[in-house]
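What follows is one structure encoded as structure tokens, with my remarks underneath.
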Amino acid sequence: MKNSIRRADIDWLRGCAILAVFVFHSGRFFDTDGWHVKNPTTYFTSQVWTTFMANWLMPFIFVISGAALFYALGSRGALKFIDDKVRRLFVPLVVGVFTHAALMVYLERITHHQFVGSFFDFIPHYFEGWYGFDNGNFAWMGLHLWYLLVLFVFSILFYPLFRWLIGSGKSILKALGDFLALPGAVYLLALPIALALVSIDPSSPIARRDFGGWPLPIYILFFIYGFIVVSHDGLQKRIQQLRWVSFIVALLCVAVLLVLWGSQGDPTFGTARFVEVFGIFGIGSWCWILTFLGFGFKHLTSSQPILAYANEAVLPFYIMHQTVLLCVGYFVVQWQIPDPLKWIIIAVVAFAIVMSLYEFLVRRFDVLRFLFGMKLLPRPAQRLVKISQTA
């Protein structure tokens, strides 16, 4: 496909992925893993759902991010590229770290009986220690905003490689795409993922799974894969053709994991069972991603007005969603009502609040647009140019 500014399928897939993150986090109150705020009763079935979504969710988002970067490179130089990433990613990260991340840490501390007092009492303590290390409070990565930090680092780090691949190295990129477009060859990309998962000791610092359920280095593979996929028309057509095969294999991986993992608990690193479980976990993840890409490339091709709105809203929505969910959930989980009803109330009310904040505040004022990584509103002269261009 030709390099262009926007692709409807990529935009649809990005929007669906961020909406899936919202659904994922809305259920975290009820699973058995630790989280910032928890329901008094947790459920193994909720944990199964959490693990299922973690298998593909953040990897898929990094694939979409790598794909979007292919189109973002364009003809811009390095300085303009870095300036764009600072505005889009680093600014909202820093803003989040020094504002609403503190509120999320506060809610965690009071619900875990680690602090007593108001939010304003907690603010001086927010800067005591690093969150994630020795019970520190300062959320240096913005909690869920870690994605913005990692994407910023990946974008800067791999800019020279990607720029080379679409320039002097385009023959290599094409040859790689030609090979992966061969029948079934795209599934070979699951092997490095599986190998990395089974080789990295979960107890090592680089293997911490606090970031979307995966060790951070493995996201590099997904990021690069997304760039490669959208660089080659034939590869994308092959992914479309194999979408049902990918779906069936992904379902089989889920079934096997339910037996191997669900029935016997977490495997021990270095054992054959660890290799089996996380090898299949990695293969299943890539097959789910190929499924979503295949169906997306096939069916999500129309550009509609709602897509333009969603594409602009997706970053502010992601930035705000977890903070709002935790604030709503903090109160709702204390109610004496059925837990499924709690989840519905948390999800519906939080979604309404996030969208209201975006619609009536964030998108309408340049200061807030800047702080949330959005482009500033066009000036009157710019609007006249756009109108004349569309007339």
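The values are calculated or read from the model by the stated rules, or taken from the named source; none is laboratory data. Just so we're clear, the structure is a prediction, and the values are computed from it rather than from any experiment. Counting neighbours? That spans all protein chains shown, and the Cβs are built from the backbone with ideal geometry, glycine included. Keep in mind that these areas ignore ligands, DNA and RNA; they rest on the heavy atoms of the full protein, side chains included. Shrake-Rupley method; radii C 1.70, N 1.55, O 1.52, S 1.80 Å.
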Give the residues of the range 129-149 that are on the phi > 0 side of the Ramachandran plot and modelled with pLDDT under 95, sorted by residue number.
G132, D134, N135
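Kindly indicate which of L242, L235, L195 is at pLDDT 95 or above and more than 14 Å from L293 (Cα to Cα). Show your work before the answer.
Details: L242 fails: more than 14 Å from L293 (Cα to Cα); L235 fails: more than 14 Å from L293 (Cα to Cα).
Matching residue, one of L242, L235, L195: L195.
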If you take the residues in the range 367-391 that are modelled with pLDDT of 95 or more and open to solvent by less than 40 Å² (accessible area, probe 1.4 Å), which one is nearest to F317 (Cα to Cα)?
F372
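Report yes if G329 is open to solvent by less than 10 Å² (accessible area, probe 1.4 Å), farther than 27 Å from W146 by Cβ, modelled with pLDDT of 95 or more and not β-branched (V, I, T), otherwise no. Break it down stepwise before answering.
Numbers: open to solvent by less than 10 Å² (accessible area, probe 1.4 Å): yes; farther than 27 Å from W146 by Cβ: no; modelled with pLDDT of 95 or more: yes; not β-branched (V, I, T): yes.
No, not satisfied.
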Among the residues of the range 234-288, what is the count of those that are more than 30 Å from L176 (Cβ to Cβ) and assigned to a loop (DSSP other than H, G, I, E, B)?
9
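Please find, among L315, L341, the residue that is farther than 21 Å from I64 by Cβ and assigned to a helix (DSSP H, G or I). Let's see the steps before the verdict.
Values: L315 fails: farther than 21 Å from I64 by Cβ.
Being farther than 21 Å from I64 by Cβ and assigned to a helix (DSSP H, G or I) holds for just one of L315, L341, which is L341.
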The range 281-296 residues that are within 23 Å of R7 (Cβ to Cβ), paired with ones that are open to solvent by 10 Å² or more (accessible area, probe 1.4 Å) and not in a helix (DSSP H, G or I) (beta carbon under 8 Å, 6 or more apart)
L290/L242; G294/L242
With criteria (1) over 11 Å from the mean Cα position of the chain (by Cα); (2) outside any loop (DSSP other than H, G, I, E, B); (3) surrounded by 17 or more Cβ atoms within 10 Å (Cβ to Cβ); (4) of a type in the set (F, W, Y), F52 comes up short on (3)
Output the residues belonging to the range 306-322 that are surrounded by fewer than 20 Cβ atoms within 10 Å (Cβ to Cβ) and β-branched (V, I, T).
I306, V314
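Evaluate the range 53-60: report whether one residue or more is of a type in the set (A, V, I, L, M) and more than 30 Å from P340 (Cβ to Cβ). Steps first, please.
Of all residues in the range 53-60, those of a type in the set (A, V, I, L, M) come to 53-54, 57-58.
Remaining after also requiring more than 30 Å from P340 (Cβ to Cβ): none.
So far as the range 53-60 goes, no, none of its residues is of a type in the set (A, V, I, L, M) and more than 30 Å from P340 (Cβ to Cβ).
Residue by residue, here is whether (1) hydroxyl-bearing (S, T, Y); (2) open to solvent by less than 60 Å² (accessible area, probe 1.4 Å); (3) without any contact (Cβ under 8 Å) to a residue 12 or more places away in the chain; (4) out of contact with any Phe, Trp or Tyr (no Cβ under 9 Å at 6 or more places or on another chain) holds:
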| site | (1), (2), (3), (4) |
| --- | --- |
| F222 | no, yes, no, no |
| R238 | no, no, no, yes |
| L257 | no, yes, no, no |
| Q264 | no, no, yes, yes |
| P267 | no, yes, yes, no |
| T271 | yes, yes, yes, yes |
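Out of all the residues in the range 296-305, which are assigned to a helix (DSSP H, G or I) and either open to solvent by less than 90 Å² (accessible area, probe 1.4 Å) or not charged (D, E, K, R) (or both)?
Selection gives G296, F297, H299, P305.
Can you give me the number of residues within the range 25-45 that are in a helix (DSSP H, G or I) and open to solvent by less than 30 Å² (accessible area, probe 1.4 Å)? Talk me through it step by step, then tell me what you get.
Our first condition is that a residue be in a helix (DSSP H, G or I); within the range 25-45, this holds for 25-26, 44-45.
Next cut, open to solvent by less than 30 Å² (accessible area, probe 1.4 Å) only: 25-26.
Residues meeting the conditions: 2.
Within the range 85-118, can you find the residues that are farther than 24 Å from G34 by Cα and touching a Ser or Thr at 6+ places or on another chain (Cβ under 8 Å)?
K85, L89
List the helices (runs of 4 or more DSSP H) inside the range 90-209, counting only whole elements, that have at least 3 residues being more than 30 Å from S285 (Cβ to Cβ) and open to solvent by less than 40 Å² (accessible area, probe 1.4 Å). Before you say what the answer is, go through the steps one by one.
Details: elements: 91-97, 100-111, 119-126, 146-165, 170-180, 190-199.
The helices (runs of 4 or more DSSP H) meeting that bar are 100-111.
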